[in-house]
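**Q** I am attaching a structure below and will ask some questions about it afterwards.
Every number in this text was worked out from the coordinates using simple rules, so none of it is lab data. Worth saying up front: this structure is predicted, and the values here are computed from it rather than measured. FYI the Cβ positions are ideal-geometry reconstructions off the backbone, even for glycines, and counts take in every protein chain you see.
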Amino acid sequence: MSHRPVKEMFSKTAFVISTTAGIGTRNVIKTIQKNLRYWGISKIYKCGLTLRAKDWDDMPSKKQNKYKKILEKKII
């Protein structure tokens, strides 16, 4: 935890979403999660999606629906 954590952050919840076209999602999430913990946030949810496409619209609709379901489950 950081040297001077803000007490108000102890009760906060974070949700980290990372998307990539290839690899690297896991490393990005770990870095962000570490920084959130330094701030004092202990409840951290995360979701990493590898789109394998340049843009959301470039993905097949079947894969888009799959990722939408994954995100809906994480949110609820």
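**Q** Going residue by residue through the range 2-25, is there one that turns out to be in a helix (DSSP H, G or I), out of contact with any Cys (no Cβ under 6 Å at 6 or more places or on another chain), free of Cβ contacts under 8 Å to residues at least 24 places away in the same chain and of a type in the set (Asp, Glu)?
**A** Checking the range 2-25: at least one residue is in a helix (DSSP H, G or I), out of contact with any Cys (no Cβ under 6 Å at 6 or more places or on another chain), free of Cβ contacts under 8 Å to residues at least 24 places away in the same chain and of a type in the set (Asp, Glu).
**Q** In contact with a helix residue (DSSP H, G or I) (Cβ under 9 Å, 6 or more places away or on another chain) and assigned to a helix (DSSP H, G or I): does that describe LEU71?
**A** Answer is no for this residue.
**Q** Could you tell me whether LYS46 is surrounded by 12 or more Cβ atoms within 10 Å (Cβ to Cβ), charged (D, E, K, R) and out of contact with any helix residue (DSSP H, G or I) (no Cβ under 8 Å at 6 or more places or on another chain)?
**A** No.
**Q** Going by what's in this entry, would ILE29 be described as in contact with a Lys or Arg (Cβ under 7 Å, 6 or more places away or on another chain), among the β-branched types (Val, Ile, Thr) and assigned to a loop (DSSP other than H, G, I, E, B)?
**A** Judged against the criteria, ILE29 is not a match.
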